[in-house]
Amino acid sequence: DGGITQSPKYLFRKEGQNVTLSCEQNLNHDAMYWYRQDPGQGLRLIYYSQIVNDFQKGDIAEGYSVSREKKESFPLTVTSAQKNPTAFYLCASSLAGGPIDTQYFGPGTRLTVL
Amino acid sequence: AQSVAQPEDQVNVAEGNPLTVKCTYSVSGNPYLFWYVQYPNRGLQFLLKYITGDNLVKGSYGFEAEFNKSQTSFHLKKPSALVSDSALYFCAVRASGYSTLTFGKGTMLLVSP
């Protein structure tokens with residue numbers, strides 16, 4: 001059963017804590033992405049990676065960090081420097097990161113800061 | 001630069017009637033256009049994309065979209081709406097030479113019985 005998994009589904013964080021969101025894919029895709037979704041704002045790109053051990057900042061990278069040590073995995077850390085982290089986070093992957101490649105999305109993680 | 005606009009926050013349609021969800025784009029170069037659907041608290045599901053060729057693109061669940069280069073539009077259509085089509089729809093664009101996809105803010109489609 002191929003696809004993208006994200007865990008946990010719901011995550012609660014106290015202010016000042018770092019948290020890590022997991023994203024795993026078994027589609028053998030080279031490219032992976034992290035988006036943040038807020039009501040009425042669509043999706044905004046946080047980070048993306050087109051190859052293992054390499055990644056680039058998206059439009060709203062401040063307060064976030066990523067790693068890409070394995071092709072299948074692209075974890076996102078929300079640091080205490082992110083001022084307003086409460087949001088729905090979506091991970092996606094695509095075959096090679098090219099302009100015509102379709103991005104496929106995971107089910108998302110809803111992060112709430114208490 | 002690349003951008004996409006979905007001018008309607010919400011579209012209401014009765015079941016059985018045709019539906020249209022609008023999308024316009026702005027790019028430098030050739031556009032590659034995508035439509036996705038999102039159900040509550042779920043990830044996005046891919047519906048269809050335009051790369052090149054025929055301006056009418058057919059996708060999943062009976063949806064289709066028409067690429068209009070002169071009007072820079074890529075409207076999503078379905079001949080007969082179902083209540084189960086009620087969801088949030090996103091249009092996205094990526095221009096040749098750009099490394100990322102830009103999403104619109106989304107349009108909520110509500111289909112009434």
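Some points to look at:
- Note that segment A:1-45, at 25 °C in a medium of 0.890 mPa s, gets a Stokes-Einstein diffusion coefficient of 190 µm²/s from its Kirkwood radius over C-alpha pairs.
- Our compactness index for the protein assembly as shown, the C-alpha radius of gyration over the empirical 2.2 N^0.38 Å, is 1.02.
- Accessible area per residue in Å² at 1.4 Å probe, computed on chain B: 47 Å²
- Once backbone amide H atoms are built at 1.01 Å from N, A:GLY58 has A:TYR47, A:TYR48 as its partners under 5 Å, excluding neighbours fewer than 5 places away on the same chain.
- By accessible area, using a 1.4 Å probe on protein heavy atoms only, the protein assembly as shown has 50% of its surface on carbon and sulfur.
- Think of each Lys and Arg Cβ as +1 and each Asp and Glu Cβ as -1; about the Cα centre, that makes the dipole of the protein assembly as shown roughly 300 debye.
- The residues A:PHE12, B:PHE46, B:PHE67, sorted by heavy-atom accessible surface at 1.4 Å with ligands and nucleic acids left out, run A:PHE12, B:PHE46, B:PHE67 from largest to smallest.
- Segment B:31-89 versus segment A:36-114: alpha-carbon centroid distance in Å: 23 Å
- Neighbourhood charge, 14 Å Cβ-Cβ cut-off, centred on B:ALA14 and excluding it, Lys, Arg +1 and Asp, Glu -1: -1
- Burial of 40 Å² or greater, segment B:88-105 residues [accessible area, probe 1.4 Å, versus chain by itself]: B:ARG94, B:SER99, B:THR100, B:LEU101, B:PHE103, B:LYS105
- Rg in Å to one decimal, and Dmax rounded to a whole Å, for segment A:11-75 via C-alpha atoms: 12.6, 36
- The convex hull drawn around the Cα atoms of chain A, when projected onto a plane and averaged over every direction, covers 6.8 nm².
- For the chain pair B and A, the buried solvent-accessible surface (1.4 Å probe, both sides summed) amounts to about 1700 Å².
- The listed residues B:ASP9, A:ASP30, once ranked by accessible area (1.4 Å probe) with the largest placed first, stand as B:ASP9, A:ASP30.
- Extension gain, B:GLN45 back to B:SER80 (0.36 nm per residue minus Cα-Cα distance, nm): 10.6 nm
- Chain lengthening between A:SER22 and A:VAL52 when straightened (0.36 nm per residue, less Cα-Cα): 9.2 nm
- For segment B:1-95, the gyration tensor built on C-alpha atoms gives a prolate shape. Its axis ratio a/c (a ≥ b ≥ c) is at least 1.5, and a/b is the larger of a/b and b/c.
- Comparing the full protein assembly with the isolated chain (1.4 Å probe, heavy atoms, ligands and nucleic acids excluded), the residues of segment A:31-54 losing at least 10 square angstrom of accessible area are A:TYR33, A:TYR35, A:GLN37, A:GLY40, A:GLN41, A:GLY42, A:LEU43, A:LEU45, A:TYR48, A:GLN50.
- A 1.4 Å probe run over the protein chains yields, for chain A, 47 Å² of accessible area per residue, whole-number rounding.
- Positive-end extreme of charge dipole, chain A - chosen from A:PRO75, A:LEU27, A:THR86 (charges on Cβ): A:THR86
- Summed side-chain charge close to B:ASN41 - residues other than B:ASN41 whose Cβ falls under 12 Å, Lys, Arg +1, Asp, Glu -1: +3
- The phi torsions of segment B:73-88, fed into the Karplus equation with coefficients 6.51, -1.76 and 1.60 and a -60° offset, translate into couplings of 10, 8, 7, 8, 9, 8, x, 9, 6, 10, 4, 5, 7, 4, 4, 9 Hz, rounded to whole numbers, with Gly and Pro shown as x.
The values are calculated or read from the model by the stated rules, or taken from the named source; none is laboratory data. Since this is a predicted model, take the numbers as computed values, not measurements. Note that we place each Cβ from the backbone using ideal geometry, even for glycine, and neighbour counts take in every protein chain shown. The area values use the complete protein model at the heavy-atom level, side chains included, leaving out ligands, DNA and RNA. Shrake-Rupley method; radii C 1.70, N 1.55, O 1.52, S 1.80 Å.
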